[in-house]
Amino acid sequence: MCRIAAYLGPPIPMENIITRPVHSLLSQSQHAEEAKLQVNGDGFGVAWYDAFASAPGLYRDVLPAWADDNLVHLCRMVRSPLFIGHVRASTMGETTKANCHPFVSDRVSFCHNGQIPHFRQIRRRLEMALSEELFLQRRGTTDSEILFLTLLNNDLMRDPGAAFAKTLDLLGPSTDAGPIRLTCVWSDGISIFAIRYASDNRCPTLYGSASLDNGGAALASEPLCTSPGRWQALPVNAICRLSENGLEVLSHQIA
């Protein structure tokens, strides 16, 4: 499955999270330790914010993250107070730039790690439930992008707990195809939000650290360093928010 890393705090070069740590997101693209697949080579992307732009910057490509020298240079030169990175191991949809995460709508960016195994059976129903505006924003063929648009359609940024509960109702129960697993990270450019959910209680991993050396905080599919106690697993079935006040749980028992 995919790997995600996100940062909020004083502006830093994105390389401090994406490429330089001993177990950076770039490292996890080849050597994931807490996923079914060790290699996540079906594309990558980074979305970053500053205080002035109306929408985040976005860089995505179909290359494996380790094969794109531009990513290393970009992360070394771009400083940001908030950014989200993703490396992809495809479970649904072709390896195209439109299918690479993060997905962006206006000021909101979104990444997903997991699967909706019966997506093909419910895809038409999900598309028909979207507003015309959101339906026209769709560019790719993944379950992840439809999940993002469905959550936006259900007022994700106003009430994320209710949006996930309503979306899970639309997805319906898991089938013989396998369990529904959703670990999601998204941002409005001010805070970073996250949830871990699985219909079989085997949620894809996501950790938080509110004690980075520069006073910032981060989320990551796997700890970026080996410092004991610095990274804690996020709770299951809960909406978490990372803000200037630290990491907090907004709501429990979404499902």
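Each reported figure results from applying straightforward, stated rules to the coordinates on display, with no laboratory input. As the structure is a computational prediction, the values presented were derived from the model and not from experiment. Counting neighbours? That spans all protein chains shown, and the Cβs are built from the backbone with ideal geometry, glycine included.
Points worth noting:
- Loop-located trypsin sites (Lys or Arg not before Pro) in region 150-198 (DSSP state not H, G, I, E or B) with no more than 15 neighbouring Cβ atoms inside 10 Å: Arg158.
- Net +/- balance of residues flanking Ala233 in space, Cβ distance below 12 Å, scoring K and R +1, D and E -1: -1
- Where only DSSP H runs of four or more residues are counted, the chain gives -6000 deg cm²/dmol as its mean residue ellipticity at 222 nm, each run worth -39500 (n - 2.57).
- In terms of its alpha-carbon gyration tensor, region 1-151 comes out oblate; a/c meets the 1.5 threshold, while b/c is at least as large as a/b.
- Here Kirkwood radius over Cα pairs in Å was calculated from the structure, and among (1) 19.3; (2) 17.9; (3) 18.5 it sits at label (2).
- Stokes-Einstein D (µm²/s) once Rh is taken as the Kirkwood radius of region 102-176 over alpha-carbon pairs, at 25 °C in 0.890 mPa s: 195
- Three principal axis lengths of region 1-51 [C-alpha, angstrom, descending]: 37, 20, 13
- Over all pairs of different C-alpha atoms in region 127-255, the reciprocal of the mean inverse distance, the Kirkwood hydrodynamic radius, equals 15.8 Å.
- Relative contact order [Cα under 8 Å, 6+ residues apart], region 196-242, whole percent: 41
- Rounded to whole Å, the principal axis extents of the Cα atoms in region 151-217 read 47, 26, 13, largest first.
- Packing-based order for 66-74, 112-120, using average beta carbon neighbours within 10 Å, highest first: 112-120, 66-74
- Residues Thr142, Thr175, Thr226, sorted so that the one with the fewest Cβ neighbours within 10 Å comes first: Thr226, Thr175, Thr142
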